[in-house]
Amino acid sequence: MRYAIYFTPPADDPLTVAAAAWLKRDAFSGREADLGDLEGLDQDEHHRITEDPRRYGFHATLKAPFELAKGQSETGLISALEAFCGREFSFSLPSAVVGQLGPFFAIIPGATHPPLQDFAARVVEGFERFRAPLSDADIARRNPDRLGAAQRENLLRWGYPHVFDAFRFHMTLTGPIASERSDTVATVVKRRFADFVHKPLTISGLGLFIERERGAPFTIHSWHPLIGA
């Protein structure tokens, strides 16, 4: 069993509904969602490029997947998450856009937002006591030789390379896209999420995601609102 603490909007939020339709899976219910018209992609290509984000569910990583440390429990983790959300205020990114991180498409901030960076850091630090150390196999899966020195240090210290100064908020929409298909995929994705870009994105709560066995789809165990959400 692995746990993760991710940002995702509430189950009935229009962005959650739109993302579930795009990924063809709702992480809250675990059910397949209706994709609708792709307008530029065939079903096989869509299934292939969304396979990885479909398994994880629509989210932004804050505390990457972890097994519980010795002496910790799911009940204790949930209580700590409830307490954390009960003292943190909701806030909004000024503007979200559909952009690329390398070959991946994702919903990202239009510009770096310091309150978001600080919030993400508090999540990483606040739940570190619940995280069991990574196994050698888990470290190897992150290809540490391809990481910079700071990211390798983050991986070994915090279980994830992209934290603190290396953190970049993103809600993944695709796997890697071949360069010759990038323009087409960009057009389709931007059209699908046109109602949500260049508008504020409210960080309203945190989801506790669970992977019941390695390789299984992540589902949302519980969603916890921040103050004012």
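Only the coordinates and a few stated rules stand behind these numbers; no lab work does. Since the structure is predicted, the reported quantities are computational estimates derived from the model, not experimental observations. Heads up, the Cβs are rebuilt from the backbone with ideal geometry, glycines too, and the neighbour counts pull from every protein chain shown.
Out of all Cα-Cα pairs in the stretch 1-51, roughly what percent, to the nearest whole number, are more than 11 Å apart? List each step's numbers first, then the result.
On the way: 931 of 1275 pairs.
Tail of P(r) above 11 Å: 73 percent of Cα pairs.
Place a point 7 Å from the Cα of residue 11 along the Cα-to-Cβ direction; which residues of the stretch 190-229 have their backbone N under 11 Å from it?
Within reach of a label on residue 11: 220-223.
Each residue of the stretch 130-139 in turn: what ³J(HN,Hα) in whole Hz from Karplus with 6.51, -1.76, 1.60 and θ = phi - 60°, glycine and Pro shown as x?
Each residue's phi maps through the Karplus curve to give 8, 8, 6, x, 5, 6, 4, 5, 5, 5 Hz.
If I stretch the segment between residue 112 and residue 68 completely, what's the gain in nm (0.36 nm per residue apart, minus their alpha carbon distance), one decimal? Each step should come with its number before you reach the end.
On the way: separation 44, 0.36 × 44 = 15.84 nm, distance 3.14 nm.
Length gained between residue 112 and residue 68: 12.7 nm.
Between residue 1 and residue 39, what FRET efficiency follows from the Cβ-Cβ distance if R0 is 35 Å, with the result rounded to 0.05?
0.35
Taking the alpha carbon gyration tensor of the stretch 160-229, what are the square roots of 5 times its eigenvalues, largest first, to the nearest whole Å?
Over the Cα atoms of the stretch 160-229, the ellipsoid semi-axes are 26, 20, 15 Å.
As a test of the formula, what do you get for the chain when each DSSP H run with n ≥ 4 contributes -39,500 (n - 2.57) and the sum is divided by the residue count, at 222 nm and rounded to the nearest 500 deg cm²/dmol? Mind showing how you got there, number by number?
On the way: 8 runs with 75 residues, N = 229.
After summing the helix terms and dividing by residue count, I get -9500 deg cm²/dmol.
Pull out the extension gain between residue 137 and residue 179, defined as 0.36 nm times the separation in residues minus the alpha carbon to alpha carbon distance; nm, one decimal.
Working: separation 42, 0.36 × 42 = 15.12 nm, distance 3.07 nm.
Full-extension gain reported as 12.1 nm.
To the nearest 10 degrees, how steeply does helix 114-126 sit against the main Cα axis of the chain, on a 0 to 90 scale?
On a 0 to 90 degree scale, this one is about 50.
Between the helical axis of 14-23 and the dominant principal axis of the chain, each derived from Cα atoms, what acute angle in degrees is found, rounded to the nearest 10?
So the helix axis and the longest Cα principal axis differ by about 80 degrees.
Counting only Cα atoms, I'd like the Rg/Rh figure for the stretch 42-171, Kirkwood definition for Rh.
Working: Rg = 16.2 Å, Rh = 16.6 Å.
Value, to two decimals: 0.98.
I'd like the orientation of helix 74-85 relative to the chain: the angle between its Cα long axis and the longest Cα principal axis, in ° from 0 to 90, rounded to 10.
It works out to around 70 degrees.
In whole Å, what are the extents of the chain along the principal axes defined by its C-alpha atoms, from largest to smallest?
Extents along the principal axes: 51, 43, 33 Å.
What is the percent of Cα-Cα separations in the stretch 107-229 that go past 17 Å?
Counting pairs separated by more than 17 Å, the tail of P(r) holds 72 percent.
Can you give the extra length, in nm with one decimal, that the chain gains between residue 194 and residue 52 once fully stretched, where that is 0.36 nm per residue apart less the Cα-Cα distance? Please report the intermediate quantities before stating the final value.
Working: separation 142, 0.36 × 142 = 51.12 nm, distance 2.26 nm.
Contour length minus the Cα-Cα distance gives 48.9 nm.
FRET efficiency for residue 31 and residue 95, Cβ-Cβ distance as r, R0 = 35 Å, nearest 0.05? Walk me through the numbers on the way to the answer.
Details: r = 31 Å, r/R0 = 0.89.
Efficiency at R0 = 35 Å is approximately 0.65.
For the chain, give the magnitude of the charge dipole about the Cα centre (Cβ charges: +1 Lys/Arg, -1 Asp/Glu; no others), in debye to the nearest 20. Walk me through the intermediate numbers first.
Values: 26 positive and 29 negative charges, 101 e Å.
Once rounded to the nearest 20, the dipole reads 480 debye.
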